[in-house]
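Reading through the structure tokens given below for one structure.
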Amino acid sequence: MSAHTFQAYRPALTAPPAPAPAAPTPLPAAGPRTTAPRTTAAGTTAAGTPAAAGRVPAGLDAYAHLSLTRTVPKEFVHRASVAEVLLTDWQRTGEDRFTVSAQWPRSHSFFTPVNGRHDPLIAAETVRQSGLLLAHTEYGVPLDHSFVMHDLTLAVDPAHLHVGAAPAALTIDITCYNITRRRSRAASLRYTSTLRRDGHTVARADVSYTCTPPAVYQRLRGNHTHTTPLPLTAPTAPQTVGRTSPTDVVLTPTPHPHTWQLRTDTRHPILFDHPVDHIPGMALLEAARQATTAHLGHPTLPLTLTTTFTNYAELDTPCHLQTHTTTPTTPGHHTTHITCHQNNHPVFHSTITTTTP
């Protein structure tokens, strides 16, 4: 399974901000819009009733004009670096239905364009951030809870992935379902996402996760919360995995055919944006993509990706990935199956369909 823990270091987010100076002509509200009552500084709604348990007041009022010039608060998407936040706004559109807006830069230090197209994995990261955002702002999940992703399915349309003359502005329609709650907070849910750009569907995704309180997570992880990562291994040649820099390579070659060891560099500023006690899910997806490229022996553009996470990927034990392909059903497409094991236990399984960019 892919677990994600984020420690918020800015408790002021849970408190309302100081009143802003009066403006001659107030701007219309353009930030996060929800159907929930507004929350006052005293932690009650405008109608005088207590605020919902786990609701972060700052997510409702303090960032009312966020969509004008800023991204959403980085804590809501479990990022330490503001530069890695892709989401800019959100609103509720119905019962368990939401619209999220996002922006993809024309160039990214890690999700680099593939032959003039945006990297499909930036769509996966956008979907991941969207689920975290809604959990914290709409389903009452506190910032100190851990998230365990169970599966992720993504399909992209390369016709609308082109890098244009400006950053790509996206609208993401999200429906949440199979929601379980404990004490009025979401404990688990599944959500589907449709990413649109200029009215065209860029990608579709389906994700499920559970939310775990700190005490429960500590019991689940035990001593693994204080493990020392393995020494950094030598990278596979960057060109064989579709990369240009060895610092972005997450695989190490082995003597066995179609088998690689996962290379875990906890200093990587994107894959390890903040300290964690396991290998993050996005690092595992990148490993699957790189193993696919190495297996096929030529540059690839992922079209569909289906991943099931079954166990935590520990930092202190070698992980090995194996690949095999199946007969393509569409000319020019290749389907690669990637399995990852650690201590003889499965960590994740991915199936990636690619084409030559």
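The values are calculated or read from the model by the stated rules, or taken from the named source; none is laboratory data. On a predicted model such as this, the values are computed, not experimentally measured, just so you know. For neighbour counting, all protein chains shown are included, and Cβ atoms are generated from backbone atoms with ideal geometry for every residue, glycine included. Each accessible area value is taken on the protein alone, full model and side chains, heavy atoms only, with ligands, DNA and RNA left out. Shrake-Rupley method; radii C 1.70, N 1.55, O 1.52, S 1.80 Å.
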With N set to the residue count of the range 199-303, report its C-alpha Rg divided by 2.2 N^0.38 Å to two decimal places.
1.27
What distance in nm separates the two pseudo spin-label positions at residue 274 and residue 218, each 7 Å out from Cα along the beta-carbon direction?
1.8 nm
If you take the Cα atoms of the range 275-357, find Rg, then find the Kirkwood Rh from the mean of 1/r over all pairs, what is Rg/Rh?
1.00
Where the range 76-183 is the region considered: accessible area per residue in Å², 1.4 Å probe
36 Å²
Starting at the first residue of the range 153-166, write each ³J(HN,Hα) from the Karplus equation 6.51 cos²θ - 1.76 cosθ + 1.60 with θ = phi - 60°, in whole Hz, x for Gly and Pro.
10, 9, 9, 10, 10, x, 4, 10, 9, 4, 7, x, 7, 9
The answer for the range 249-357, accessible area per residue at 1.4 Å probe in Å², is 40 Å²
Rh_Kirkwood(the range 58-202) over Cα pairs, Å, one decimal, evaluates to 15.8 Å
Extension reserve of the residue 317-residue 198 stretch, reckoned as 0.36 nm per residue once the Cα distance is removed
38.3 nm
For the range 69-208, the percent of accessible surface on carbon and sulfur atoms (probe 1.4 angstrom, ligands and nucleic acids excluded) is 47 percent
Extension reserve of the residue 115-residue 184 stretch, reckoned as 0.36 nm per residue once the Cα distance is removed:
20.2 nm
Can you pull the percent of the range 212-357's accessible area that's carbon plus sulfur, 1.4 Å probe, other chains left in place?
58 percent
Please name which of 217, 205, 194 has its Cα lying farthest along the dipole of the range 172-226 towards the positive end, using unit charges on Cβ (Lys, Arg +1; Asp, Glu -1) and the Cα centre as origin.
217
Show me the ranking of peptides 110-117, 159-166, 301-308, 327-334 by mean Cβ neighbours inside 10 Å, starting with the highest.
301-308, 110-117, 159-166, 327-334
Set Lys and Arg Cβ to +1 and Asp and Glu Cβ to -1, take the dipole of the range 223-339 about its Cα centre, and tell me which of 282, 339, 268 lies farthest positive.
339
Yeah, the range 128-282 with a ≥ b ≥ c from its alpha-carbon gyration tensor (a/c under 1.5 is rounded, else prolate when a/b outruns b/c, oblate otherwise) is oblate
Could you check the simple spin-label distance between residue 103 and residue 81, using points 7 Å along Cα→Cβ, in nm with one decimal?
1.8 nm
So if each residue of separation counts as 0.36 nm, and I subtract the Cα-Cα distance between residue 159 and residue 310, what length gain in nm does that give?
51.1 nm
Less than 16 Å from a label point 7 Å out along the Cα-to-Cβ axis of residue 95: which backbone N atoms in the range 167-188 qualify, by residue?
175-181
